[in-house]
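Derivation of every value follows stated rules applied to the coordinates shown; laboratory data play no part. Being a predicted model, the structure only gives us computed values, none of them experimental. All Cβ positions, glycine included, derive from the backbone under ideal geometry; neighbour counts span all protein chains shown.
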Amino acid sequence: MKRSWGIVLLCAALPWTATGADAPEWSATGTDNPVSAAAGADDLERAESLYALYCAQCHGSDGTGDGLNAPYMDTRPRDHTNRSEMGGRSDDELFRTIAEGGQAMNLSVMMPPWEGSLDEDEIAELVRYLRVLCCQE
Amino acid sequence: MRRSISGLYPMLLVLPALAGVGGAAAAALFPPLIGADSAAADGEVFVRQNCAGCHAVDAIDYVALGVQERLEREAPPLYYAGNKYREQWLVEWLQEPEAIHPAGYLRLEVLQSTNADDSVTNEDIVDHPALSEDEAEEAADYLMSLRPHDDLLEATGYSPAEPAMRMAMMHFRRFNACSACHRDEDGSGGVSGPELYTAGERLQPRFIASFLAEPMAWDPYSGMPSSGLNPDAVHRLADYLLMISEE
């Protein structure tokens with residue numbers, strides 16, 4: 001990954017409810033994590049571009065899972081517009097799936113790890129963009 | 001050459017705006033080649049006048065241009081062509097270009113203008129213009145002189161070897177899921193990346209190894225993930241790609 005975020009990954013493995021000395025520096029439900037920190041319109045615009053380059057090939061330009069490669073894959077890419085499916089995934093799960101790839105999350109190996117291409121701010125922006133795709137009325 | 005092209009993936013442009021328009025639009029896109037009547041045309045002049053409209057011939061300022069440059073890029077950059085392509089393939093391909101990207105060179109315009117399933121039809125793909133033998137040789141001679149990344153090639157420490165084909169195929173298709181985006185045989189695999197069953201014909205072995213290991217060293221906004229493969233895994237995949245190109 002372009003920037004070091006070993007701390008982030010370490011924290012991701014910890015319970016969200018951890019407190020005190022064992023508390024992570026950020027949590028998916030907190031206010032200091034990379035996901036909640038990236039909230040501006042510019043960030044979302046950049047996230048849309050990143051999504052187009054890195055995600056749309058498989059997940060489709062509109063996020064419905066119908067990308068160019070989808071017909072040739074054993075496992076259908078996730079539909080990022082599916083509110084119920086996406087609602088069951090925490091921001092941290094999404095963050096880690098993008099960063100570490102599907103295999104690390106017991107999901108499809110077809111989903112590659114992007115931590116070598118994206119920094120943690122960019123991944124956080126993508127997570128926020130996924131929330132827009134799935135859940136914005 | 002086996003079938004398509006490649007490397008210059010380049011050239012196989014997908015221009016959705018031209019979908020269904022056909023020859024007239026293609027003719028408008030590619031006007032008569034400058035210097036086409038002059039076998040003595042200088043390679044650099046020829047490339048800059050005829051290729052630079054779609055291909056980056058000089059280094060790209062990735063930092064300043066950001067991801068948007070990649071999304072709007074019409075064809076692969078050529079400023080490191082001498083580190084990437086095999087000259088013989090280049091000369092042949094430029095005379096008889098065939099599609100390297102099954103869905104055309106990936107860019108935003110393609111992704112946003114496709115069908116409900118984001119499929120790209122053959123009509124969306126504009127053929128790369130074919131050069132004469134003299135033009136191809138002149139152009140290739142210049143392109144092969146563009147070698148800003150010799151250091152990256154030297155760093156691979158890669159020497160081709162004969163792989164255990166069955167296991168190598170498993171690594172390509174299943175363990176590393178390269179087939180999600182690439183084809184290792186005609187009709188098998190994803191289409192957003194260049195087909196790889198002719199990669200060994202068009203690409204230098206050490207470029208293949210280097211790009212597999214560090215795609216961002218070549219293109220910070222490559223759609224190819226930096227998967228963190230160890231050198232053995234990289235070499236095994238490179239061996240596989242070289243081997244299937246010989247079959």
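Numbers below:
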item	result
Order of A:C135, B:C51 - criterion: other Cβ atoms within 10 Å of each residue's Cβ, fewest first	A:C135, B:C51
5 angstrom amide H check on B:L203, placed H, neighbours 5+ away	B:R86
Averaged over B:225-236, number of beta-carbon atoms from partner chains that fall within 10 Å	3
